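Notes follow once the structure below has been shown.
The values are calculated or read from the model by the stated rules, or taken from the named source; none is laboratory data. Since the model is a prediction, treat every value here as computed from it, not as a measurement. For neighbour counting, all protein chains shown are included, and Cβ atoms are generated from backbone atoms with ideal geometry for every residue, glycine included.
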C-alpha cells in the first residue's frame, strides 16, 4: 500500500501482505481458485488483458475510451478502481494516458489481489498501483476522501442483487469528496423475454438478481448523484463463449442483448 492511500482507510485490515490491505471480503467476490491464478500469471491472462485493454477493437472498452480519457483529463487525480477483476477495469486506459497517477485497485477476492500484486511487481513497475481486498458494499475508507472512483461493471458485479447495487452506489457516494466523480461503465439486459425463454428451454430457473426494478439512472439519482453524462451506449449479444447462458442462447438460436452505458456522475457540493 503506497503512502498516498494509507490515510484513506478507517478500519484495521485483517492482514497486510506485501504492503496491500486485506479485509476478509471473499464472500462478496467471485469464487476464483488456483486454476484461475495459474491462468492469470503463468498462462499470460493478466498480461494479455492489460495489453488488449488499449488496443483498437470493437468491444465496449475501446468504444468508451475517448470519453473516459476526456472525463479523467478534466481533473487528473489519484483514483480508486473498484471490483477491478482480472482485467483491472478502466485502470489500463487511464494509466496509459496518465501513467503518473496513483491508483488503488480493489476487489473482494483476495486471491485475485495477491495475484495482481505478483504481476504488477514483475510487469507493471512503471505505474503507481496500490491494491486492497474489500467489498464495494462495505468499503473501509473514510467518507469524503476521494476525488475519483472508477469502475467497469463493478457495481453490476455485486452479489446481493439490486439491494447490493444500491449499497455499493451509496458507499461510492460516501467516500467521494463533494464535487468528486464516479466514472463508470455499467451494463443491463435489453430483452428480458428472451432471457426467460432461454431459461425455460434450458429447464432451469432464471438466475437470481437478473431482473431489475430500476434503471441505473434511477439508482444513481436515488443515491444522490448528479448525472453529467449517460448518453453513450454500446450494444452487443451474448456469445456462446460468454458464459453458460450465452452457450444455451446460441444452442436455441435466441439472441440475448446487453447494453453498456458510460456514466460520468458527480457528488454535489
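Checking each residue in the stretch 182-198 for being in contact (Cβ under 8 Å) with a residue 24 or more places away in the chain and either part of a helix (DSSP H, G or I) or closer than 20 Å to residue 27 by Cα (or both) picks out 194, 195, 197, 198. Among the residues making up the stretch 69-84, those that are in a helix (DSSP H, G or I) and in contact with a helix residue (DSSP H, G or I) (Cβ under 7 Å, 6 or more places away or on another chain) are 69, 72. Checked against the criteria, residue 50 does not count as assigned to a helix (DSSP H, G or I), under 21 Å from residue 159 (Cβ atoms) and within 18 Å of the chain's Cα centre (by Cα).
To keep it simple, each residue is scored yes or no on (1) within 25 Å of residue 70 (Cα to Cα); (2) part of a strand (DSSP E or B); (3) without any contact (Cβ under 8 Å) to a residue 12 or more places away in the chain.
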| site | (1), (2), (3) |
| --- | --- |
| 174 | yes, no, no |
| 180 | yes, yes, no |
| 201 | no, no, no |
| 205 | no, no, yes |
| 209 | no, no, no |
| 217 | yes, no, no |
| 241 | no, no, yes |
| 262 | yes, yes, no |
| 265 | yes, yes, no |
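Residue count for the stretch 196-217 satisfying the condition of being surrounded by fewer than 13 Cβ atoms within 10 Å (Cβ to Cβ) and either under 16 Å from residue 164 (Cβ atoms) or in contact with a helix residue (DSSP H, G or I) (Cβ under 6 Å, 6 or more places away or on another chain) (or both): 3. Among the residues making up the stretch 21-32, those that are in a loop (DSSP other than H, G, I, E, B) and modelled with pLDDT under 95 are 29, 30, 31, 32.
Every listed requirement among (1) in contact with a strand residue (DSSP E or B) (Cβ under 9 Å, 6 or more places away or on another chain); (2) within 26 Å of residue 238 (Cα to Cα) is met by residue 199 save one, (1).
Let's see how each residue does on (1) modelled with pLDDT of 95 or more; (2) out of contact with any helix residue (DSSP H, G or I) (no Cβ under 9 Å at 6 or more places or on another chain); (3) more than 18 Å from residue 119 (Cβ to Cβ); (4) buried (at least 17 other Cβ atoms within 10 Å of the Cβ):
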| position | (1), (2), (3), (4) |
| --- | --- |
| 1 | no, yes, no, yes |
| 6 | no, yes, yes, no |
| 13 | yes, yes, yes, yes |
| 34 | yes, no, no, no |
| 39 | yes, no, no, no |
| 46 | yes, no, no, yes |
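Residues in the stretch 243-260 that are free of Cβ contacts under 8 Å to residues at least 60 places away in the same chain and either within 19 Å of the chain's Cα centre (by Cα) or surrounded by fewer than 18 Cβ atoms within 10 Å (Cβ to Cβ) (or both): 243, 244, 246, 247, 251, 252, 253.
Candidates in the stretch 178-195 are the residues that are closer than 22 Å to residue 5 by Cβ and touching a strand residue (DSSP E or B) at 6+ places or on another chain (Cβ under 6 Å); of these, the one that is surrounded by the fewest Cβ atoms within 10 Å (Cβ to Cβ) is 180. Summed over the stretch 1-20, residues that are part of a loop (DSSP other than H, G, I, E, B) and more than 18 Å from residue 135 (Cβ to Cβ) total 4.
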